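Participant: Below are the structure tokens for one structure; questions will follow.
The values are calculated or read from the model by the stated rules, or taken from the named source; none is laboratory data. This structure is a prediction, so every number in the text was calculated from the model and none was measured. Cβ sites come from the backbone with ideal geometry, for glycine too, and all protein chains shown count toward neighbours. Just so you know, the surface numbers come from the protein's heavy atoms only, side chains and all, with ligands and any DNA or RNA stripped out. Shrake-Rupley method; radii C 1.70, N 1.55, O 1.52, S 1.80 Å.
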Amino acid sequence: MEELKHILENDPSVKITSFKKGDILLQSGVSSAHRFFVKKGILRSFIIDSKGKEHIFSFASEGWIIGDVESLEFDRPGELFIDCIEDAEVIIFDKEIFSFDNLSKEDFINYTHLLYRRMGILQRRVMMLLSAPAVDRYAYFLKTYPELPNRIPQRMIAAFLGITPQALSTIRSKIASSE
């Protein structure tokens, strides 16, 4: 993680920008060539369905990268919104920064490992949404994002898990009573 932060902070093409809670970094329908590395704060990516309901795709706190991969890779309008859940300090960069030509072999390998780690987390999340009970999804959320439960609203955690806030409250009560 520190290697990635070092690469980003020492590249003259990146911008370090501060955002306020509620600021929108990316809108659905807009093409974006940028990714966002969170130095401080929390960002989330989400979609809004045809009924106006939010569906949270991912969270990114300190040390995480977030962006609309399809928009980046295929140069087309994205589907995700990205906003700030907390005041944030973000390194904004484009995909060229991590091309093999711009990185040492060691830095490229480190970046690749971080990318595979993130892909693995997303793969596990999709599999859990398809087949795991809500209590298991919540346990995985706590394992994956141990720093988030006290920093983000419970309604967002519930939306991320694909359950209602009431169901999340029930799960949390059961966990608390069994400890």
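Participant: Enter the mean projected area of the convex hull around the alpha-carbon atoms of the chain, in nm², rounded to one decimal.
Facilitator: 11.2 nm²
Participant: Projecting each Cα onto the charge dipole of the stretch 59-179 (Lys/Arg +1, Asp/Glu -1 at the beta carbon, about the Cα centre), which of Y140, I85, I175 comes out farthest on the positive side?
Facilitator: Farthest along the dipole direction, towards plus: I175.
Participant: Restricting to DSSP H runs of at least four residues, report the calculated mean residue ellipticity at 222 nm for the chain, -39500 (n - 2.57) per run over all residues, nearest 500 deg cm²/dmol.
Facilitator: After summing the helix terms and dividing by the residues of the chain, the value is -13000 deg cm²/dmol.
Participant: Suppose the chain between E147 and Q27 were pulled fully straight at 0.36 nm per residue; how much longer would it get relative to their current alpha carbon spacing?
Facilitator: Computed gain between E147 and Q27 is 40.6 nm.
Participant: Now, a different point. For labels at K51 and D94 in the simple 7 Å Cα→Cβ model, what's the distance in nm?
Facilitator: Output for this residue pair reads 4.0 nm.
Participant: Considering only DSSP states other than H, G, I, E and B, which trypsin sites (Lys or Arg not before Pro) in the stretch 17-124 qualify as loop sites with at most 12 other Cβ atoms within 10 Å?
Facilitator: Details: sites: K20, K21, R35, K39, K40, R44, K51, K53, K95, K105, R117, R118, R124; in loops: K20, K21, K51, K53.
Hits after loop and neighbour filter: K20, K21, K51, K53.
Participant: How large a share of the accessible area of the chain, in percent, is made up of carbon and sulfur atoms when the probe is 1.4 Å and the other protein chains stay in place? Don't skip to the end; give the middle numbers.
Facilitator: Details: 5610 of 10330 Å².
Percent of accessible area from carbon and sulfur atoms in the chain: 54.
Participant: Subtracting the Cα-Cα distance from 0.36 nm times the residue separation, let me have the gained length for I175 to Y116 in nm, one decimal. If you can, show how the numbers build up before the last one.
Facilitator: Numbers: separation 59, 0.36 × 59 = 21.24 nm, distance 3.12 nm.
Once the chain is fully extended between I175 and Y116, it gains 18.1 nm.
Participant: Which of M127, I109, Q154 sits farthest toward the positive end of the charge dipole of the stretch 109-179, with +1 on the Cβ of Lys and Arg and -1 on the Cβ of Asp and Glu?
Facilitator: About the Cα centre, the residue reaching furthest to the positive side is I109.
Participant: In the stretch 56-75, whose amide N lies under 19 Å from the spot 7 Å out along Cα-to-Cβ of Q154? List them in ranges.
Facilitator: 56
Participant: Using a simple charge model, +1 on the beta-carbon of Lys and Arg, -1 on the beta-carbon of Asp and Glu, nothing else, what dipole does the chain show about its Cα centre, in debye to the nearest 20?
Facilitator: Result for the chain is approximately 860 debye, rounded to the nearest 20.
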